[in-house]
Amino acid sequence: MLGKIKEITNEKYFHIIMLVLILLVLIFTTGAIILRYNVEGETNMPFELSKISIISSSEGIDKEVVDTKWAFDVCQNNDIYIYIDKNSNYDRTEAIKSVQISNIKVESEKEREIKIYRPEKIEERVIFKNSEENEVKDLTYMGDMVSNLKETKISNQGGIIAFRCSNINVGEYTSNEEEINHHELLDKLEISDEDLNIKLIFDLTIELERGKTYKSTITLDLPVEGIIENGTTSVELTQSRDFIFKRVKNT
């Protein structure tokens, strides 16, 4: 019996079969690892996206009055705050070099004029202002000792970054009323949810001082539900597992 087994194992075809089996196991294992990475992404990053806060509101931009007391171009704003925290389970000291928002795209069933704004630098009392000088195509927050939204800086140990996605010129509203409540403008224009709904897609890239870079593609449904009835609505997205980061540079 032992002689027969030895005879079989000495055959060339046996070695070929074993080699094929080993290759199949390696391919299967590698495929499983790649599939898991594509689904879960990085599982132990130095910094984590812990929360995204969205505040949706309406605003009337004054325009030249001809024969009415008030005249507004109405826009619908979505202020987006992204919280990046240090991972307490990560066993090395790292520092953020920059956080970038790029490749911004908007999907909508209706044609809309969408603009992206950085935080307002000059006026102290406002965080965002829909002005031409604040309009951007992408946005980079540089790592620093402390976070500063107006200067587009984030603490190198984690902090908050923010930008505005604005649905421009949703409609024009004129009135001779004594006072105007901007929170009621969308309702007064008889705007529907379908008129406003958009899908905002962008890449969020975290670059570390040591050279490692992580990127996630984030999709947000805007505006927050209830904007027409309430004028201002907000939501916090805290399911961090929905934000899948992958390493795009490792040095």
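Is there a residue being within 20 Å of Glu172 (Cβ to Cβ) and modelled with pLDDT under 70 anywhere in segment 37-54? The answer is no, given that none of the residues of segment 37-54 is within 20 Å of Glu172 (Cβ to Cβ) and modelled with pLDDT under 70. Can you say whether Ile168 is of a type in the set (A, V, I, L, M, F, W, C), surrounded by 14 or more Cβ atoms within 10 Å (Cβ to Cβ), outside any loop (DSSP other than H, G, I, E, B) and modelled with pLDDT under 95, as far as the supplied structure shows? So Ile168 passes the test.
Scanning segment 222-251 for residues that are within 30 Å of Asp187 (Cα to Cα), part of a helix (DSSP H, G or I) and touching a Leu at 6+ places or on another chain (Cβ under 7 Å) returns Ile227, Ile228.
Across segment 225-246, the qualifying residues are those that are touching a helix residue (DSSP H, G or I) at 6+ places or on another chain (Cβ under 9 Å) and either in contact (Cβ under 8 Å) with a residue 60 or more places away in the chain or farther than 30 Å from Ser58 by Cβ (or both), and the one among them that is surrounded by the most Cβ atoms within 10 Å (Cβ to Cβ) is Ile227. When Ile127, Ile104, Ile122, Ile191 are checked against the criterion of being of a type in the set (Val, Ile, Thr), in the same structural domain as Phe47 (by TED's automatic domain parsing) and more than 23 Å from Lys63 (Cα to Cα), Ile104 stands alone in meeting it.
Only one of the listed residues (Thr219, Thr205) is at negative phi, free of Cβ contacts under 8 Å to residues at least 24 places away in the same chain and assigned to a strand (DSSP E or B). That residue is Thr219. Condition (residue is surrounded by 15 or more Cβ atoms within 10 Å (Cβ to Cβ), assigned to a loop (DSSP other than H, G, I, E, B) and among the aromatic types (Phe, Trp, Tyr)) applied to segment 127-147: is it met by at least one residue? The answer is yes, given that some residue of segment 127-147 is surrounded by 15 or more Cβ atoms within 10 Å (Cβ to Cβ), assigned to a loop (DSSP other than H, G, I, E, B) and among the aromatic types (Phe, Trp, Tyr).
The values are calculated or read from the model by the stated rules, or taken from the named source; none is laboratory data. What you see is a predicted model, and the numbers here were worked out from it, not measured in a lab. FYI the Cβ positions are ideal-geometry reconstructions off the backbone, even for glycines, and counts take in every protein chain you see.
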